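Some notes on the structure that comes next.
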Number of protein chains: 4
Amino acid sequence: MIDIFTTGGTIDKVYFDALSEFQIGPAAIPDMLRENNVHVPHRVTQLMRKDSLELTDEDRETICAAVAASEATHILVTHGTDTMVVTGRVLKAIAGKTIVMTGSMQPASLRVSDADFNVGFALAAVQTLPPGVYVAMNGMIFDPEHSVKDRAAGRFRTEA
Amino acid sequence: MIDIFTTGGTIDKVYFDALSEFQIGPAAIPDMLRENNVHVPHRVTQLMRKDSLELTDEDRETICAAVAASEATHILVTHGTDTMVVTGRVLKAIAGKTIVMTGSMQPASLRVSDADFNVGFALAAVQTLPPGVYVAMNGMIFDPEHSVKDRAAGRFRTEA
Amino acid sequence: MIDIFTTGGTIDKVYFDALSEFQIGPAAIPDMLRENNVHVPHRVTQLMRKDSLELTDEDRETICAAVAASEATHILVTHGTDTMVVTGRVLKAIAGKTIVMTGSMQPASLRVSDADFNVGFALAAVQTLPPGVYVAMNGMIFDPEHSVKDRAAGRFRTEA
Amino acid sequence: MIDIFTTGGTIDKVYFDALSEFQIGPAAIPDMLRENNVHVPHRVTQLMRKDSLELTDEDRETICAAVAASEATHILVTHGTDTMVVTGRVLKAIAGKTIVMTGSMQPASLRVSDADFNVGFALAAVQTLPPGVYVAMNGMIFDPEHSVKDRAAGRFRTEA
């Protein structure tokens, strides 16, 4: 069983006409897994609806506690991209689980979005990688300790 | 470097108005990888444009020869779903490479399609699994020797 | 009240995985009008599910009879593009109604399709034009008696 | 020739990852008309990129002046929905032209958006209606003097 925790981020942004703005809405991932005909056993829990720039230390503790408390050894976390590696470094305190983080540069609600691809990519990574914490973005697997989001280039890259 | 071979199948079907019908067009995967901001080194080769029900033994030999001749040890093959496991069994003759097959139930050209998700899923699987031949569909990894496409259920499943 | 009759054509093609082919499915227009937040009073009736190349004289009589029998004076007909003008000429026998025909070059189920635009265009035309029969395609209004589908160019054009 | 002026609004919102927010981008309408295979002669001018709640009296004068100065008698204006009727009332000072305003409740960049449909609808209205100013939304044609956007209901409606 794969335990999926959602925290918000770009992937879950939808447009609210009554507010004339985009906000983080319900987690995109349940509809996404159904539409993509996914049959691997899983459970989805929405932990929070936050832009990752707004995540506090307490939020990271909440995420960490939820992952640690899960009986599952395969954990997928969807997360805003801006501070994904920061949360990833905190999650490294948890031993014995394969923890894969992903998100998207464009909301899942857009016509052209990397959300479906990235979640597919992460869902394979979480089933196949050994215990540890990984960032699954841009069709690559990164170590959160040695990677950064390069905002100007619009992608993640390895950094010593 | 990941060597990607395309053979046709549902994933590559597009609508030709002048013919009033859908046919297999150019491989969907290059645009897909670009739109999804994929940065892992790869190369794409279109081997054929066939529905997998029409693949002959000679076609399977062609696919096998291309995979064997590649200097890459990580190979992704996009393929129609109907005979994906048949080709997968033939590919088992090749040792020392991680070969992952995927495709989709709905063309990549459709508004609702499992193509992006499946290719993302397969692209992680090919980077993380040990040498062998795998079918990556429905968010799961199957052994082509012990799996079938269940047409009625619209999904792959394990079979002894 | 606008009476909408659907007859099939490219606009209604969907992919059936179990058959490995596209076929004309349920009319696309009810979901389309709901998704586009359309509030003009209307009713939708699916008359047939046919490629317009396969429409017979009897089919055209059926369409004509349904339009003539409707108590509405504003009628929208969705139809395959190949013989849209042929049916349009038959409908000219009906006096006193504004009858607008439309369809699409790419199925409504595709990511890039002219279906939504064309139906929107036709829905305004049917509310604003005087009685007569019109083909509403390519952002233009044509007289079926003096227009043809130019297959090579992928568009309709006026012809003397 | 139809002269199309864009002013911004929800229809033109796109997601800028580097800012983690949606902003009004380039006008959506040129790509939209091309993708929808529109062949009616037209010209597109982007006048401004503003949420309609931020439009000032000076902005409305700018829009009015551009419409008045156009040699075309058929004018389409894309505009945010919140103050569309306000600008429409200002445009009523212009005589002898058919001026149709439209926009969308969901950005054209979204998977599910009313943008294509509404622009199609407005493009027919502008070709068929007599001189005057009209709001073309929700598959209906409104007089800006006697209509409002009902934010709670997410639609326009007539008001005495």
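If the condition is being of a type in the set (S, T, Y) and within 14 Å of another protein chain (Cβ to nearest Cβ), then segment D:32-84 contributes D:S52, D:T78, D:T81, D:T83.
To keep it simple, each residue is scored yes or no on (1) of a type in the set (D, E, K, R); (2) in contact with a Phe, Trp or Tyr (Cβ under 8 Å, 6 or more places away or on another chain); (3) surrounded by fewer than 17 Cβ atoms within 10 Å (Cβ to Cβ); (4) within 22 Å of C:P30 (Cβ to Cβ).
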site: C:L47; (1), (2), (3), (4): no, yes, no, yes
site: C:T56; (1), (2), (3), (4): no, no, yes, no
site: C:T62; (1), (2), (3), (4): no, no, yes, yes
site: C:V67; (1), (2), (3), (4): no, yes, no, yes
site: C:A72; (1), (2), (3), (4): no, no, no, yes
site: C:L76; (1), (2), (3), (4): no, yes, no, yes
site: C:D82; (1), (2), (3), (4): yes, no, no, no
site: C:L91; (1), (2), (3), (4): no, no, no, no
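Listed by first and then second residue, the pairs linking a residue in segment B:11-33 that is at pLDDT below 95 to a residue that is of a type in the set (A, V, I, L, M) and loosely packed, with under 14 Cβ neighbours inside 10 Å, with Cβ atoms under 6 Å apart and 6 or more places separating them unless they lie on different chains, form an empty list. Restricting attention to segment B:101-115, does a residue exist that is closer than 19 Å to B:P41 by Cα, over 13 Å from the mean Cα position of the chain (by Cα) and surrounded by fewer than 24 Cβ atoms within 10 Å (Cβ to Cβ)? So far as segment B:101-115 goes, no, none of its residues is closer than 19 Å to B:P41 by Cα, over 13 Å from the mean Cα position of the chain (by Cα) and surrounded by fewer than 24 Cβ atoms within 10 Å (Cβ to Cβ). Of all the criteria given as (1) within 14 Å of chain D (Cβ to nearest Cβ); (2) surrounded by 14 or more Cβ atoms within 10 Å (Cβ to Cβ), the one not satisfied by C:F22 is (1).
Restricted to segment B:85-111, and to residues there that are within 14 Å of chain A (Cβ to nearest Cβ), in contact (Cβ under 8 Å) with a residue 12 or more places away in the chain and aliphatic (A, V, I, L, M), the residue that is nearest to B:L53 (Cα to Cα) is B:M105. The number of residues in segment A:112-160 that are more than 10 Å from every other protein chain (Cβ to nearest Cβ) and either part of a strand (DSSP E or B) or modelled with pLDDT under 95 (or both) comes to 10. Applying the selection to segment A:141-151, what residues are surrounded by fewer than 22 Cβ atoms within 10 Å (Cβ to Cβ) and not β-branched (V, I, T)? Result: A:D143, A:E145, A:H146, A:S147, A:D150, A:R151.
The values are calculated or read from the model by the stated rules, or taken from the named source; none is laboratory data. Remember, it's a predicted structure, so these values are computed and weren't measured experimentally. Counting neighbours? That spans all protein chains shown, and the Cβs are built from the backbone with ideal geometry, glycine included.
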